[in-house]
Amino acid sequence: MYVQLSSFLLVPTYKGRHISRIFPLLQGRCLLFSAAANSLHRTSDGYENNAKKFNFDRLFKSCTQLEHAKRLHAIVVVSGKADNIFFSSKLVNLYAYLGNVSLSRHTFNQIAKKDVFTWNSMVSAYVRSGHFREAIDCFYQFFMTSGLRPDFYTFPPVLKACKNLLDGMRMHCLVLKLGLEWDVFVTASLVHMYTRFGFLGSARKLFNDMPVRDMGSWNAMISGYCQNGNAAEALDVLNEMKLEGITMDPVTVVSILPICAQLDDTLNGMLIHLYAIKHGLEFDLFVSNALINMYSKFGQLEHAQKVFNHMVERDVVSWNSIIAAYEQNDDPHTALGLYYNMKPTGLNPDYLTLVSLSSIVAQLSDSRNGKSVHGYVLRRGWLLKDVISGNSIVDMYSKLGIMDSARAVFEALPVKDVVSWNTLITGYAQNGLSSDAIEVYDMMQECNITPNQATWVSILPAYSNVGALQQGMRVHGRLIKNNLYLDIFVGTCLIDMYGKCGKLGDAMSLFLEVPKTTSVPWNAIISCHGIHGHAEKALKLFREMREEGVKPDHITFVSLLSACSHAGLVDEGQWCFHVMQAEYGIQPILKHYGCMVDLFGRAGHLEMAYDFIKSMPVKPDASIWGALLGACRIHGNIDLATFASDRLFEVDSENVGYYVLLSNMYANTGKWEGVDKVRALARDRGLRKTPGWSSIEVNNKVDVFYTGNRSHPSSEEIYKELRNLTDKMKSLGYTPDYSFVLQDVEEDEKEHILMSHSERLAIAFGIISTPPKTPIRIFKNLRVCGDCHNATKLISKITEREIIVRDSNRFHHFKDGVCSCGDYW
DNA sequence: ATAGGGTTAG
């Protein structure tokens, strides 16, 4: 027999760890062979003791690869043991354990006379390999056709396989019918089943009625509460357990740690860590993984890293956790380094590794590796199998600004959940493509997907961005119905939406309703007053915020400083800048410096602005020089402008706006060669002028107008109305200001160019498509043109309409021939 | 001989 078997059993890759413990004297390539042969021999010869010693169980457990299992199977067959229920059922289990359930099934089918153990093995094989549907089917086949009675070994796996409450309750009935509820394992499994479907009451009742509870029962109840986010109840059960003198085991610790993370309870988290050390659970794989995740959520990366370093054994979850820890705490470089360190360990990245990786490349703005990540996920088939993988790729492309790819991946997803939609909507909104965001949101509605908080938080800013007040109000109504409008994030978005759509009063009354414990809603309302030019009110709100003990953050001060600069409140702006550092210890960032330069410059204190730049402790970037340049344009200081623009282009700005600004200054002074120079520079750097557009919402629909656009259905009427208005304006003393025409063309042509600016097209469309005297609200993506500003004042007088124009900078409220900005902007 | 309860996420 030895000779016969040896041909099967040349095992070149076998890791001899388990076997060499059993056979310290036998080592080498044929270990498995010897052990198997010995074991079989003695068993069949009736050497009971030896059979136990060299038991097959150890051998089965030592099979770590499918090849080993197949060889073992061969031994069983060759030695005529294929009909032995024990060996065959073991093989059924083994194949399932090694991930090949079809071989399990095949082996199972070969068994002529199946007993309860055999059926149990098959059922649990399906469950272990994740084939829940098949497990349930197999169970019913067992129950209905085999003539055997399922026993208390059958139900724990079957209950795990139930994928909805109905299945679970049916099983519960069967358990009662078969009188198996006395078994701790069975009842604990029922408890777990009920918690999985959120039926915590039923679970708790079963748990309370248990006459005996083992560790697994306690853990089922505690983890049930934890996974449903019921931290308080989980802690109650934990205390009850402690009172009965039972201590936590690794499973309890692992269930409870995410709760500490969720509650941001650093103290208890560390106490449990100490407990784990004291009870020798420190090096448990699951415990360590859970600790890494918890410390990561606390933001304590050193602790997470320490746990990781001290681990004796690491699996994919360990690596995923430590990579995600750095990725989510804004350290993509370290995270990427860890990813590369993972490779040589021989562990294969799984889909969650790639989820982190996609976020890493997005944070690094690494488009090239973004494509590789996409390819990797695609090749593995994860994109089709798992929504989360797909969503993470859509998110990655959105963050990289490649919306076409994001859209393509989204379209190809076989299953889209609410997160998929949210990700795409947020992607468009964050990339400034508001109308695309709205279009996707409308599609989502048509597909009957129920939006959630994240949806509102991304669609509302898109509405405020194009001034879709009516649609925004519709969402507001819906939120009132769902009682979500007082949610701090949604509420803030609504405030922002009303503020940016010109309804400052509505923004304010909402602000009074939402909880105001953090700076978030305060920042929104302060910034809204700022863009409306109400700097005094913004300052008053800031004082109230201080009185209520809410700590301002750096965004609060950006809003305040910008409010002061738009209103020309130089002293107040300086006061804010001082308070920010002296009272709140907030170090100014470039945005704050930019606001200060703007504050001085706009008010005409160009020297002060320049001195301020020289006194800055950080290197000025393009936005700083851009602010100075903008001020120079307002106050016509060509020399300083030339100086500022030289500095500006030294720092290699990517912002087209500054090139346009400088080119405009040259154009205004007739220096066309300067214009050409700047345009060439922008072209060399691959920058294209942002096309100007204006939008207006009429009848729940947003219309967008580009400068000179004639493709609108009402184009004829719009130009007719504009010619009509221009005539009336001229009789009121309007003369076109050609300094805003940036092309070197004839005068007639210039007048036409001014008339077809996008803001004027939108206003004219508003006039012809709404009833007389209705207010008109216009949005412009760039700054409003100076000549259009003058013209709009007159149009508001001629048509007796309020015209509210929001540009990239602030609001202009035109009424009776004057603008709320007092021509200071 | 066969079983339950556990960590990572867009």
Q. Can you give me the Cα centroid spacing of region A:321-378 and region A:635-709 in angstrom?
A. 38 Å
Q) In the structure shown, do any of A:K90/A:K160; A:K163/A:K385; A:K297/A:K399; A:K750/A:K773; A:K730/A:K815 have a Cα-Cα gap over 25 Å, and if so which? A) A:K750/A:K773
Q. Between A:D404 and A:K677, what is the FRET efficiency for a Förster distance of 41 Å, r being their Cβ-Cβ separation, to the nearest 0.05?
A. 0.75
Q) How high is the relative contact order of region A:247-346, given as a whole-number percent (alpha carbon pairs under 8 Å, six or more residues apart)? A) 22 percent
Q) So for region A:349-413, taking the charge dipole from beta-carbon charges (+1 Lys/Arg, -1 Asp/Glu), which of A:L413, A:G381, A:L352 sits furthest toward the positive end? A) A:G381
Q) Taking the Cα centre of region A:551-623 as the origin, how large is its charge dipole in debye, to the nearest 20, when only Lys and Arg (+1) and Asp and Glu (-1) carry charge on their Cβ atoms? A) 180 debye
Q.
Using Cβ contacts closer than 10 Å as the measure, can you line up A:F779, A:F410 from fewest to most?
A. A:F410, A:F779
Q. In a Debye calculation with equal point scatterers on the alpha-carbon sites of chain A and no solvent, what is log10 I(q)/I(0) at q = 0.08 Å⁻¹?
A. -0.89
Q. Among A:Y738, A:Y126, which comes first, then next, by fewest other beta-carbon atoms within 10 Å?
A. A:Y738, A:Y126
Q: Calculate how many DSSP beta bridges within chain A are antiparallel, expressed in % of all such bridges and rounded to the nearest 5.
A: 80 percent
Q.
Can you give me the angle between helix A:715-731 and the longest principal axis of chain A, using Cα atoms only, in degrees from 0 to 90, rounded to the nearest 10?
A. 40 degrees
Q | Whole-angstrom gap from region A:197-217 to region A:379-395, using each part's C-alpha centre | A | 37 Å
Q) Cα centroid distance between region A:85-162 and region A:767-825, in Å? A) 75 Å
Q. To the nearest 20 debye, what charge dipole does region A:482-640 have about its Cα centre, counting +1 at the Cβ of each Lys and Arg and -1 at the Cβ of each Asp and Glu?
A. 180 debye
**Q.** Angle between chain A longest axis and helix A:606-615 axis [Cα atoms, degrees, rounded to 10]
**A.** 30 degrees
Q. How do A:R543, A:R647 rank when sorted from fewest to most other Cβ atoms within 10 Å of their own Cβ?
A. A:R543, A:R647
(Q) With +1 assigned to the C-beta of every Lys and Arg and -1 to the C-beta of every Asp and Glu, and no other charges, what is the dipole magnitude of chain A about the Cα centre in debye, to the nearest 20? (A) 2780 debye
Q: On each of the three principal axes of the Cα atoms of region A:687-825, give max minus min coordinate, whole Å, ordered largest first.
A: 38, 32, 30
Q. Toward the positive end of the charge dipole of region A:233-292, about the Cα centre and with charges on Cβ (Lys, Arg +1; Asp, Glu -1), which of A:A261, A:N239, A:F286 goes farthest?
A. A:F286
Q: Pop a pseudo-label 7 angstrom from the Cα along the beta-carbon direction at both A:K540 and A:A232 and give the gap in nm to one decimal.
A: 4.0 nm
Q | A:H532 long-range amide H proximity, modeled H, under 5 Å | A | A:F811
Q: Mind checking the full-extension length gain between A:K205 and A:D264? Use 0.36 nm per residue of separation minus the Cα-Cα distance, one decimal, nm.
A: 18.2 nm
Q | Calculated [θ] (222 nm, deg cm²/dmol) that DSSP helices of n ≥ 4 give over chain A, each run adding -39,500 (n - 2.57) | A | -20500 deg cm²/dmol
Q. Kirkwood hydrodynamic radius of region A:509-633 from all distinct Cα pairs, in Å?
A. 14.7 Å
Q. Once you put a point 7 Å from the Cα of A:R170 and another 7 Å from the Cα of A:R647, both along the Cβ direction, what distance in nm separates them?
A. 7.6 nm
Q: Using Cα pairs closer than 8 Å and at least 6 residues apart in sequence, work out the relative contact order for chain A, in percent.
A: 4 percent
Q: For region A:416-515, calculate the relative contact order in percent as a whole number, restricting contacts to Cα pairs under 8 Å that are 6 or more residues apart.
A: 23 percent
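Each value in this text was obtained by applying a stated rule to the coordinates, not by laboratory testing. Since the model is a prediction, treat every value here as computed from it, not as a measurement. Glycine also receives a Cβ, built like all others from the backbone with ideal geometry; neighbour counts cover every protein chain displayed.
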